[in-house]
Amino acid sequence: MSDIFSNTILCGKCNTKMDRVQVMRNGFVLRAVTCSKCGSKIIHPRDEQEYNEFVNLKKKEFCVKMRFVGNSYAVSIPREIVNFIKVQEKIMDDMVRLCLEDFGRVRLEFGNVNSKPAHIEKINLNAKEKAEVK
Ligand SMILES: [Zn+2]
């Protein structure tokens, strides 16, 4: 099935050929078309749907149990979240990055495991600055 956005789309208000653009919303890049004449905008329906799923998922809070596994603790990540990430990332490694972000808060990052999280680089930078002061 071909994508509707690969076709020429005419503005419903003024019948002008609409231009393909990208719209940023909360870090999401959504495909859209705009009319240069009247300013009408249409977001790609699939991108819009995916974005709405993300917004709904963000509102949810899950209660998960902590379990003792070997010498570590394990928590289960709800399938809903993993499925959403899989759809977003297309490819997901089995490795995820985990770090203590703050007291009482652990951060789990999917995607690029090799790059350092921004806040760790910041801490290292602060440590370097302090070392240089001495
Ligand atoms: Zn128009």
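No lab work stands behind these numbers, since they all come straight from the coordinates. What you see is a predicted model, and the numbers here were worked out from it, not measured in a lab. Every residue, glycine as well, gets a Cβ built from its backbone with ideal geometry; the counts of neighbours run over all protein chains shown.
Of all the criteria given as (1) loosely packed, with under 12 Cβ neighbours inside 10 Å; (2) of a type in the set (A, V, I, L, M, F, W, C); (3) in contact (Cβ under 8 Å) with a residue 40 or more places away in the chain, the one not satisfied by ILE4 is (1). Counting only strands (runs of 3 or more DSSP E) that fall entirely inside the range 1-91 and contain at least 2 residues that are away from the ligand (no atom under 16 Å from the Cβ) and among the hydroxyl-bearing types (Ser, Thr, Tyr), the qualifying elements are 72-75.
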